[in-house]
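Values quoted throughout were computed directly from the atomic coordinates according to the rules given, and no laboratory measurement underlies them. The model shown is predicted, which means the values in this text are computed figures rather than measured ones. Note: ideal-geometry Cβ built from the backbone for every residue, glycine included; neighbour counts use all protein chains shown.
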Amino acid sequence: MSDTKTGGIRIVVNSEYLPERSDPTKSRFFYAYHITIHNEGSQPAKLQGRYWHITDAEGNDILQEKSLRQQTVMERLRFYQRMID
């Protein structure tokens, strides 16, 4: 689990190994990432874009995803979740 707070915004990431979609005999390991963004600040905040950069244990790039299309207003003490698989 990763838990980071910056400027009143907390981001929590939990990874989950999915054995039913993995094949260790072929060195294929499948994970889902559960991402929660929580506005703990005193003012609403606007999520204007996001960038995910996921690496393996050796630091090799697994996924880089950038999105500027969806903008979400996050009211104080509200949370938003996204799962990447």
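Taking the beta-carbon count within 10 Å as an exposure proxy, list Arg50, Arg28 from fewest neighbours to most.
Working: Arg50 15, Arg28 9.
Final ranking by Cβ density, sparse to dense: Arg28, Arg50.
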Q: Just grab the label-to-label distance for Lys26 and Arg50, each label 7 Å out from Cα along the Cβ direction, in nm (one decimal).
A: 2.9 nm
Q) If you count, for each residue, the other Cβ atoms within 10 Å and average over each peptide, how do 17-23, 33-39, 55-61 line up from highest to lowest? A) 33-39, 17-23, 55-61
